[in-house]
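What follows draws every value from the coordinates through simple rules; no lab data is involved. Just so it is clear, the model here is predicted, and its values are computed rather than measured. When we count neighbours, we look across all protein chains shown, and the Cβ atoms used for this are built from the backbone with ideal geometry, even at glycine.
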2 protein chains.
Amino acid sequence: MNATLKRFAIHSLRASGTGVRASQVTNSFINRTTIRNFASLDASKLEIIKTTSPKTKLPNDQLVFGKTFTDHMLEIEWTAEAGWGTPKISPYHNLSLDPSTVVFHYAFELFEGMKAYKDKNGNIRTFRPDKNMTRMNKSAARIALPTFDGDELMKLINQFLLLDQSFVPEGTGYSLYLRPTLIGTTASLGVGTPDRALLYVIASPVGPYYSSGFKPVSLEATGHAVRAWPGGVGDKKLGANYAPCILPQLEAAKRGYAQNLWLFGEEGYVTEAGAMNAFFAFQNADGTKELTTAPLDGTILEGVTRDSILQLCKERLPKEWTVTERKFTIHEVEERAQKGQLIEAFCSGTAAVVSPIKAIGWKGKDIEVPIVAGSSGEVTKSVGEWIRAIQYGDEEYNGWSRVAK
Amino acid sequence: MNATLKRFAIHSLRASGTGVRASQVTNSFINRTTIRNFASLDASKLEIIKTTSPKTKLPNDQLVFGKTFTDHMLEIEWTAEAGWGTPKISPYHNLSLDPSTVVFHYAFELFEGMKAYKDKNGNIRTFRPDKNMTRMNKSAARIALPTFDGDELMKLINQFLLLDQSFVPEGTGYSLYLRPTLIGTTASLGVGTPDRALLYVIASPVGPYYSSGFKPVSLEATGHAVRAWPGGVGDKKLGANYAPCILPQLEAAKRGYAQNLWLFGEEGYVTEAGAMNAFFAFQNADGTKELTTAPLDGTILEGVTRDSILQLCKERLPKEWTVTERKFTIHEVEERAQKGQLIEAFCSGTAAVVSPIKAIGWKGKDIEVPIVAGSSGEVTKSVGEWIRAIQYGDEEYNGWSRVAK
């Protein structure tokens, strides 16, 4: 057995009793939908060290996304030998890492984006956190970082939220953005399975994406740069998917577009927009209407907001509507816009919930998208209201909103 | 102008006077071959703080790749406001970073791999370092990190080498592995152009890849997972290209293969192997021979060793040989092996120089590769010897080997 093989064998062996179980996670990893947990992440072991120098809180109108953080952070270390260690909440602090640590060299890193909301009774709520935990485990398994029990992590996040609840800003559109992050921390330049990792969660108070109403955005349809590919990792929330998208976004911005609308293949399939999913509403000749988004074929991020929109629209849109996940091209969008059949379009994601699209730049021209309801289309407006009502606990729906206890 | 656009505009403006100049770096970024430097990295400003607690050096037989490092490290900070700061060599130390730093979340990270060799006169030499500097700048530009003057960085690396030259191990096959690294250090969860970065270089004494002679490896041809694609970033040395390759490698290892041989497309084009380029030697029916490797079409890492092999083989192989860069498929490899026309195959990279291939797993069977010269083919053996002679200064060739002064 050569050195390389031996190293893999040792890591596979170690991993099977603790975090990653290679035989589970590697079978059909591209379209895997279930995760079995072999981790021993245990929320009951939580240790808390409270800050002795609480931060001054910013007024709501000075909040900038992801720039300021709460008093504390949650951390759990993992090693291949010992599995998940003692969860710790302690004062927010820098990470101190050897410069050879694999997270700096080989992008062993993944994250989640989720929010906590203060409801009218002062409770702190999260929105479908189980979806984030499942997705985070899928991301971890895909880059050979340890998986974990998502219920246990959510118990820990809830404790963190209760401790720092005074940082959750009040008011519609205000929330505490949560950033669960998992990084490989092995200090070695060898390219292999990390034998050390750190899972941490930080939290940033944030304001509404749009300070008053919607601000519809223009997107540039981009085919020369490609965000994701079949057999790649575009459906996982890995750091690796983000840095390469900045340069195409800068190019689009120079031409006045806020984000890219990522196309795929010679056919020009519409995939997603910037770091958000994309929905298009069409009217058919017979009067029926369709709300559609690209299917989860391995190149599309499995957005929690995307999933929520699909489910709510199937239930709540009037009967002339069908809600589909299907492949469609920029040519169809252009053609149907020309025929007056493009009714509206929007992006979806945790940050903005929904973000109306007003135009799509394509081959030097703009495809105009109707904005019939003032600053968005009607579906966009309804969907945004439906989801916000659930997120802030004004409406109970299928247990999607969970009070932190 | 909305907030997103404004942010881009500000960053573009800042960047144009200091590091990244967006209008330069973004034009045809996918196949860009020249970099103009607008940075003010200045080696003459170097400050050195020497260690007061020198490390104990390991004997040659205990060196493990990338596990132990020299006494010092080189660092240069960059900010959008001030450009490149004062270069510093100081004792090797941990990096202390805010947990929201973009390198942990969005893979703003890239690196180079190069080596320093001790020649028979005790001089410290690097091999074609200008190639690494050019490639590092291309990688930086592709993910909106600042570019820099490569000559200045090499002057700094040479100072670093002279300071830590006692760590360069002696003996053929022994060297000091250098890891120039560039990371985005903006502490913010906003996805955008980093306005802070850190360029650092660490150095690890390493032994020969194979302790005695070659150890030919078996590769598994992999089509279900895809390393790189047109419009992606597979030709850049970004962290983002590495973590996603570990799981497919673990799968291959379970079946007894050391690395993946990455295929692309329905045609099954051979691209590269693990983190190395791949060369195949074929014999034609008319007695002529061909050494070939995949072309630099945007999906192939522009290996310095690859380039050196092409140049040396064009000059030095007997006249029946042609040396080509062309697309070829796993089907051609299989067919020509069956006909007895596959003469040899090897991988190339900084770590091993050349690494002979003995078999390629494909659809459950092995394509056997001849190993006529004991533990490799004849070209593999010659190429390894040619390059090592230049690297260790035993032979002068085109200024490829540079003495650190």
- Query: Ordered by residue, what ³J(HN,Hα) values in Hz, to whole numbers, does the range B:63-74 give under the Karplus form 6.51 cos²θ - 1.76 cosθ + 1.60, where θ = phi - 60° and Gly and Pro are x?
  - Reply: 6, 10, 3, x, 9, 10, 10, 6, 5, 10, 9, 9
- Note on the structure: The answer for B:THR329, listing residues at least 5 apart or on another chain whose modeled amide H is closer than 5 Å to its amide H, is B:VAL270
- The percentage of Cα-Cα pairs in chain B separated by more than 37 Å is 25
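How many percent of all Cα-Cα pairs in the protein assembly as shown sit more than 47 Å apart? It would help to have the intermediate numbers written out before the result.
On the way: 70346 of 327645 pairs.
For the protein assembly as shown, the fraction of Cα-Cα distances above 47 Å is 21 percent.
Given +1 on the Cβ of Lys and Arg, -1 on the Cβ of Asp and Glu, and no further charges, what dipole in debye does the range B:224-298 carry about its Cα centre, rounded to the nearest 20?
Values: 6 positive and 8 negative charges, 79 e Å.
For the range B:224-298, the charge dipole is close to 380 debye.
Under unit Cβ charges (Lys, Arg +1; Asp, Glu -1), what dipole magnitude, rounded to 20 debye, does the protein assembly as shown have relative to its Cα centre?
Rounded to the nearest 20 debye, it is 820 debye.
Compute the projected area of the convex hull of the Cα atoms of the range A:192-309, averaged over all viewing directions, and report it in nm² to one decimal place. Could the numbers behind the result be given before it?
Working: hull surface 45.2 nm².
The number I arrive at for the range A:192-309 is 11.3 nm².
Taking R0 as 41 Å, what's the FRET efficiency between B:LYS327 and B:GLU385 from their Cβ-Cβ distance, rounded to 0.05?
Numbers: r = 29 Å, r/R0 = 0.71.
After rounding to 0.05, the efficiency reads 0.90.
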- Once the dipole of the range A:246-297 is set up with Lys and Arg at +1 and Asp and Glu at -1 on Cβ about the Cα centre, which of A:GLY268, A:ALA258, A:THR288 lies farthest towards its positive end? A:ALA258
- Message: Using a Förster radius of 45 Å, what is the FRET efficiency between B:ASP61 and A:GLU335 based on their Cβ-Cβ separation? Nearest 0.05, please.
- Response: 0.05
- Query: Along the charge dipole of the range B:176-321, which of B:TRP229, B:ASN277, B:VAL217 sits closest to the positive end, that is, farthest toward it, with unit charges on the beta carbon of Lys, Arg, Asp and Glu (+1, +1, -1, -1)?
  - Reply: B:VAL217
- Note on the structure: Taking Rh as the Kirkwood radius computed over alpha-carbon pairs of the range A:145-251 and applying Stokes-Einstein at 4 °C with viscosity 1.567 mPa s, one gets a diffusion coefficient in µm² s⁻¹ of 73
- Query: What is the distance in Å between the Cα centres of the range B:137-161 and the range B:304-369?
  - Reply: 32
- Sort out the exposed loop GluC sites (Glu not before Pro) in chain B (DSSP loop, at most 10 other Cβ within 10 Å) and tell me the longest stretch that has none. B:82-265
- Query: Whose amide H sits under 5 Å from the amide H of A:THR185, counting only residues 5 or more places off or on another chain, with H placed in the peptide plane?
  - Reply: A:ARG196, A:ALA197, A:LEU198
- Task: Over all alpha-carbon pairs of the range B:60-130, lay out the pair-distance distribution in 10 Å bins, whole %, shortest bin first.
- Result: 12, 32, 39, 14, 3
- Tell me, B:VAL270, A:VAL354 in order of fewest to most beta-carbon neighbours within 10 Å? B:VAL270, A:VAL354
- Task: May I ask you to sort A:ILE202, A:ILE143 by Cβ crowding, counting other Cβ atoms within 10 Å and putting the fewest first?
- Result: A:ILE202, A:ILE143
- Run through all the Cα pairs of the range A:41-171 and give the fraction in each 5 Å bin from 0, expressed as whole percent. 2, 8, 16, 19, 23, 16, 10, 4, 1, 0
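Using only C-alpha atoms and all pairs of different ones, pull out the Kirkwood radius for the range B:306-405 in Å with one decimal. If you can, show how the numbers build up before the last one.
Details: mean 1/r = 0.0661 Å⁻¹.
In the range B:306-405 this quantity evaluates to 15.1 Å.
B:GLU320 to B:GLU170: FRET efficiency via 1/(1 + (r/R0)^6), r the Cβ-Cβ distance, R0 45 Å, to the nearest 0.05? Walk me through the intermediate numbers first.
Values: r = 39 Å, r/R0 = 0.86.
After rounding to 0.05, the efficiency reads 0.70.
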- Using alpha-carbon pairs under 8 Å, 6+ residues apart, how would you state the relative contact order of the range B:215-267 in percent? 55
- Item | Relative contact order (%) - the range A:181-236, alpha-carbon pairs under 8 angstrom, separation at least six | 23
- Message: Give me a comma-separated list of calculated 3J(HN,Hα) values for the range A:106-122, in order, Karplus coefficients 6.51, -1.76, 1.60 applied at θ = phi - 60°, integers in Hz, x for any Gly or Pro.
- Response: 10, 6, 7, 7, 7, 8, 10, x, 8, 10, 10, 10, 9, 8, 5, 8, x
- Query: Other chains' Cβ within 10 Å of B:101-114 residues: what's the mean?
  - Reply: 6
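At a threshold of 8 angstrom on Cα-Cα distance, excluding pairs fewer than six apart, so keeping six or more, what relative contact order does chain A reach in percent? Could the numbers behind the result be given before it?
Working: 845 pairs, mean separation 68.3, N = 405.
It comes to 17 percent, rounded to a whole number.
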- Query: Past the 28 Å Cα-Cα mark, which pairs from B:LYS155/B:LYS381; B:LYS55/B:LYS237; A:LYS57/A:LYS120; A:LYS319/A:LYS339?
  - Reply: B:LYS155/B:LYS381; B:LYS55/B:LYS237
- Put +1 on the Cβ of each Lys and Arg and -1 on the Cβ of each Asp and Glu in the range B:40-147; which of B:ILE143, B:THR51, B:GLN62 then has its Cα farthest toward the positive end of the dipole? B:GLN62
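Under unit Cβ charges (Lys, Arg +1; Asp, Glu -1), what dipole magnitude, rounded to 20 debye, does chain B have relative to its Cα centre?
On the way: 46 positive and 43 negative charges, 110 e Å.
The calculation lands at about 520 debye.
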